[in-house]
Amino acid sequence: MKTLIVFYSTYGHVYEMAKAVAQGAEQIPGAEVDIRQVQETLSADVLEKMGAVEAKKAFSHVPVCTVEELEKADAIIFGTPTRFGNMCGQMRQFLDATGQQWANGSLIGKVGSVFVSTATQHGGQESTILSFHTTLLHHGFVVVGLPYAFQGQMRIDEITGGSPYGASTIAGGDGARMPSENELEGARFQGKHVAEIAAKLAG
């Protein structure tokens, strides 16, 4: 049973969440878990001006995903930062290249799920996941979120990401805040939950 985690990250927040999602998925007996990043579309000069070059070195070893790899997975969990309430352009470009998979119906019946990062507490965490689901539904994915069985999303003693739509983290306006333990635990829960459902469907 193969779970594929596909992410885009600029400063490492989504990558940290992706690692936690993988930790959760790996808890399922017999699970095979791979992490991939989507192709960067920004030039080196732009990344330098954004101050992202050093941060991206932390996950430069992660292979770039190909659309063909999606066909081999039983479950795919996508991670993206928010851009005005939607997925980032890099993820959109990657998904826009899956026309052949759509035409062949090769992703129908796979389990799909989404986790995100935003700069602010109400910066589009839910709308980004929900708008991402539209693409998954067009491909025929079985869409899975983060159930309230993960009670960390109900906490009010701290500012935290997480909703029934998926795990999320808040980076802060300057990007200084990395995922909290509660947010990482939500990501682990989601990874395990998605892999469990994929295993049931496959079995």
| Selection within region 32-62 - within 25 Å of residue 104 (Cα to Cα) and surrounded by fewer than 16 Cβ atoms within 10 Å (Cβ to Cβ) | 32, 39
| message | Condition first: under 18 Å from residue 15 (Cα atoms), aliphatic (A, V, I, L, M) and either outside any loop (DSSP other than H, G, I, E, B) or in contact with a strand residue (DSSP E or B) (Cβ under 6 Å, 6 or more places away or on another chain) (or both). Can you find one or more residues in region 103-112 that meet it? | response | no
| said: Looking for something touching a residue at least 40 places away in the same chain (Cβ under 8 Å), assigned to a strand (DSSP E or B) and farther than 28 Å from residue 200 by Cβ - is there at least one such residue anywhere in region 113-126? | reply: yes
| Within region 11-55, tally of residues that are under 24 Å from residue 98 (Cβ atoms) and assigned to a helix (DSSP H, G or I) | 7
| field | Close pairs from region 128-148: first at positive phi, partner not in a helix (DSSP H, G or I), Cβ under 9 Å, at least 6 apart | value | 140/105; 140/107; 140/108; 140/109; 140/110
| task | Quick one: which residue in 40, 69 is over 25 Å from residue 146 (Cα atoms) and of a type in the set (Asp, Glu)? | result | 40
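No lab work stands behind these numbers, since they all come straight from the coordinates. In this text the structure is predicted, and so the values were computed from the model without any measurement. Methodologically, a virtual Cβ is constructed for each residue, glycine included, from the backbone with ideal geometry; neighbour enumeration extends over all protein chains shown.
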